[in-house]
Structures are given as C-alpha cells and as structure tokens.
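For reference, the structure discussed in these notes is given below.
The values are calculated or read from the model by the stated rules, or taken from the named source; none is laboratory data. Please read all numbers here as calculations on a predicted model, not as lab measurements. Note that each Cβ is placed from the backbone with ideal geometry, even for glycine, and that neighbours are counted across all protein chains shown. In case anyone asks, the SASA skips ligands and DNA or RNA and just uses the protein heavy atoms, side chains included. Shrake-Rupley method; radii C 1.70, N 1.55, O 1.52, S 1.80 Å.
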Amino acid sequence: MIIQPRVRGFICLTSHPEGTAAHVKQQIDYVKSKGKIENGPKKVLVIGASTGFGLASRITAAFGSDAATIGVFFEKPAVEGKPGTAGWYNSAAFEKEAQAAGLYAKSINGDAFSDEVKQQTIDLIKQDLGQVDLVVYSLASPRRTHPKTGVAHASVLKPIDQPFTDKTVDFHSGVVSDISIQPVENPSDIENTVAVMGGEDWKFWIEELKAAGVLAEGVKTVAYSYIGPELTYPIYRNGTIGRAKDDLEGTVSVLNDLLKDLNGISYVSVNKALVTQSSSAIPVVPLYISLLYKVMKEKGIHEGTIEQMQRLFADRLYSGKAVELDEKGRIRVDDWEMREDVQAEVAALWEQISTENLEEISDIAGYRNDFFNLFGFNFDSVDYDADTNEVVDVPSIK
Ligand code: NAD
Ligand code: NA
C-alpha cells in the first residue's frame, strides 16, 4: 500500500516500514561511529524497547557493545490494509540489523505490566541467555492494569494545587495559544498516575527476575526520569506525572537493597526533553522543546534519543569510573539541557514566542521533522508515493 502520514492531534495514525527502518539504521550508524563501549553490557533486557529512549538503549547495547538483547514492548503489526505501529516496524528493522551483525535479538510483544509477560520473559532468558547483566526500564504508558488487584489505572497530566495557564503550541498548525489546565479534583488522580508511571512495576520486574535467578552477579538496572525547567514545573515535575517520577526515583533505594547480595545496582537517569510519542502528548512541553532545540542546536550541543543513550552508556553507566550522581543520587544526562546559559536563553525566548514569530525564533521545524521521523516519514531515501509492503515480520515473533 501507499503509506502517507495521517495525523490526529498529537498522534500519527500511520507509520512507514521503510522510513522507520531508515530511522533505526541512522541510530545504529551513529552508535557505530562512536566506537565500542568498553566493558559495556553483554546480555540486556529492555522493557519498552520499541520506540524512544528504550529503542535507543537497545541499539546502544547491541551495536555499542555487541550485547544480546531481549526487547519487551506493546505494538501492533499491520492488519487489513492498515500499517503496523512505528514500534513494530522499528523492532522488525532492529532485529534484522542485529541478525545481520551476528547479534542475538528476540522480542516479546505484550503487556509488560502483566505477570504473564514477566514470566514469558523469564522463560526466554532462561532458555537463551541464562542471565542478564542489564535491565533497562523505559515504559511510557497512559494506563496500567495492576497485575495483583486487576484495577485498571489511568494516568492524567494535571497540576496538583492550582490551575496552570501558559503558552502551548499546536505543532502542526503553528498556532501558539494560552492553555489553562485545571488541577486534580481528586487525590485518586495522583494515585492512579503513580500506579501507572511510578516505580512499582519496575520493582515487580526486578523482584521477579531476581527470584527466578536470571539476574547476573553485578547486574545493573536503569529507569528514566525527567525534571525540566521551572516553566513546566506546574504541569510536569510538580504535577501528577512528577509525583510518579518522585516514586520512580524513590524506588532506587528499594532496588539497591534487593540487589545487594548480587552486588547489583539500580539507577535513575534524568534524560533530556525530546520529541517522542509520549512527550508530544504533554501540553506546553512541545513549545518548550522547540525553543530548547533552537538554543541547543545554535550552541552545537543538541542531542536526540540515540546521542543521549550512547552518552549514558559510554560516559556514565560503563565509563569504567564511578558513576557521577547528583545530590539526589540520580544520573544526569539532561546536564546540557539544564545548563544556565541554555535555560536563560530559552526563558527569554519563552517571553516573546507567539504564532507570528514561531517559525523564526523557535525550531518548530525541527520539532515537526522529529515527530514525523518517529513514524518513518520525512526520510529522503524513501519514496512515499510508491507502493510498499506494510506486512513486515518481527523475525523472533511468531
Ligand atoms: P515512548 O512512548 O517512545 O516509549 C514507550 C515504550 O513503552 C514503547 O516501547 C512502548 O511499546 C512501551 N510500552 C508502553 N506500554 C506498554 C505496555 N503496557 N507493555 C509493554 N510495553 C509498553 O516513550 P519515551 O519518551 O521513550 O519514554 C520512556 C521513558 O523515558 C519514560 O519513563 C519517560 O518518562 C522517560 N523520559 C522521556 C523524556 C522525553 O522527553 N521523551 C525525557 C526524559 C525521560
Ligand atoms: Na522507550
């Protein structure tokens, strides 16, 4: 079929198999260009492996240190003339590239929050790898069915005490407008968001992997967080999602206790704001990102997900030196985003930004391009008017 972008609000309903493959290849080439990560991970489980930071982590492990990888994700193959999801095509492309490079790669498509998928993953590790030495936890989801209670939790993106009004952008039309978001009415909104995006499921994974004996001596585990600038605090770090991130970060000490007898360790890495399927759903943040891109590109310090994850592995997790942590015990690869000069320039632009000057003073063009790239669009090497086969296998998934 001929596949072109079909956008609804902040999602794109279609994905292009050849374009997503080009995107994966670009990321692989970047990691290879940086050279081998000495003493990197060898047997890696990535939970949330099909898009964004999780995919970039998988690519970095595989092509940066020849790791065998198992990826868990929740994606859809093509059905009846409807293309598959970007994460499905990404994973297909990743596995093919890994196979061609002689690297083990298998994937599990299902609900990572469930006991069944955890058990399936444990069985696969036992069968093929014995143990894993790194577990990356990179889920981003709007909902979670709790495996013990059966309760379906839905997360919300809301401020907590007061209504919040600030600028936001519709990145397709380029209209900048004010948005007002009412605070949570009910504490259950906070509890539900923490249940979905907090640390409990990460803990369940590590507990169950450990109990099954599939964590290697010296195992590491890492999950991803975000802080960002003060201007997004009401909707992000001090909002419902921020409570979930507090909970995720608090899980580190629990996991460190759990992993002590294996000489294992857990980390949260605070990553840079980037265009992913998840972040494009947050109000205000896309406008901030388009200004951040502008400033960081001008300074020559812009990074995408793959540059971030390559740096996390090479300069932090596997640098051979003690891992540098902030006062709260977190890894910071948002260090360049949070630099004073960067933040001061973004804040000054934030005051001026409007529909009229959006194209000029922000990198909204870069934002849009990254957004379309997520779904395999805007790649020069792909002819989007040509027929393409939408039915693509992820080789390890039957
Ligand atoms: P993403 O949407 O690109 O990736 C989410 C992944 O989770 C996908 O692989 C998806 O298949 C998987 N997933 C979702 N629900 C699932 C389920 N029920 N079962 C199995 N897999 C499931 O998101 P992302 O932006 O890469 O986010 C990953 C992490 O990074 C999140 O914790 C996010 O908060 C954090 N982070 C994101 C940013 C950013 O700007 N995007 C910045 C810092 C930290
Ligand atoms: Na991810």
Cβ-based charge dipole, the chain, positive-most Cα from Ile227, Val284, Ile364: Ile227
Kirkwood hydrodynamic radius of region 226-298, from inverse mean 1/r over distinct Cα pairs, in Å: 14.0
Relative contact order (percent, whole number), region 57-149, Cα cutoff 8 Å, 6+ residue spacing: 27
Nearest-20 debye value, the chain charge dipole, Cβ charges on Lys, Arg, Asp, Glu: 940
At 1.567 mPa s and 4 °C, Stokes D of region 144-250 from Kirkwood alpha-carbon radius, µm² per second: 82
Size of charge dipole - region 21-69 - debye, nearest 20, with Cβ of Lys, Arg +1 and Asp, Glu -1, no other charges: 40
Largest-first ellipsoid semi-axes for region 275-354, taking √(5λ) over the Cα gyration tensor eigenvalues, angstrom: 26, 15, 12
Distribution of pairwise C-alpha distances over region 255-398, 5 Å bins, in %: 2, 8, 13, 16, 15, 13, 12, 10, 7, 4, 1, 0
From phi via Karplus (6.51, -1.76, 1.60), per-residue ³J(HN,Hα) for region 125-134 in Hz, x at Gly/Pro: 4, 4, 5, 10, 10, x, 9, 10, 10, 8
Under 21 Å from the Cα of Lys260 - lysines, other chains or at least 8 residues apart: Lys42, Lys43, Lys203, Lys210, Lys220, Lys321, Lys328
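List the GluC sites (Glu not before Pro) within region 304-398 that DSSP assigns to loop and that have no more than 14 neighbouring Cβ atoms inside 10 Å.
Sparse-neighbourhood loop GluC sites (Glu not before Pro): Glu324, Glu327, Glu356.
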Max mean-square fluctuation residue, GNM over the chain, Cα-Cα springs under 10 Å, options Glu95, Glu80, Glu185: Glu80
Debye-sum result for region 331-398 in log10 I(q)/I(0), which assumes one identical scatterer on each alpha carbon, at q = 0.25 Å⁻¹: -1.16
Inter-centroid distance (Cα atoms) of region 218-244 relative to region 1-75, Å: 22
Base-10 log of normalised Debye intensity for the chain (one unit scatterer per alpha-carbon) at q = 0.07, 0.11 Å⁻¹: -0.30, -0.80
Accessible area of the chain belonging to carbon and sulfur atoms, whole % at 1.4 Å probe: 49
In Å, descending, principal axis extents of the Cα set of region 91-183: 53, 38, 21
Heavy atoms of Thr69: accessible area, 1.4 Å probe, square angstrom to 10: 0
Pairs from Lys32/Lys96; Lys76/Lys148; Lys82/Lys118; Lys118/Lys148 whose Cα-Cα separation, in the structure shown, is over 18 Å: Lys76/Lys148; Lys82/Lys118
Two-decimal Rg/Rh across region 1-128, once Rg and the Kirkwood Rh are taken from alpha-carbon atoms: 0.99
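For the chain, what is the relative contact order in percent, using Cα pairs closer than 8 Å and at least 6 residues apart in sequence?
Dividing the mean separation by the residue count of the chain yields 24 percent.
Place a +1 charge on the Cβ of each Lys and Arg in region 288-398 and a -1 charge on the Cβ of each Asp and Glu, then give the dipole magnitude about the Cα centre in debye, rounded to the nearest 20. Please report the intermediate quantities before stating the final value.
Details: 12 positive and 25 negative charges, 138 e Å.
Around 660 debye, computed over region 288-398.
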Relative contact order (percent, whole number), region 110-224, Cα cutoff 8 Å, 6+ residue spacing: 36
Angstrom value of the Kirkwood radius, inverse mean 1/r, which spans all Cα pairs in region 186-227: 12.2
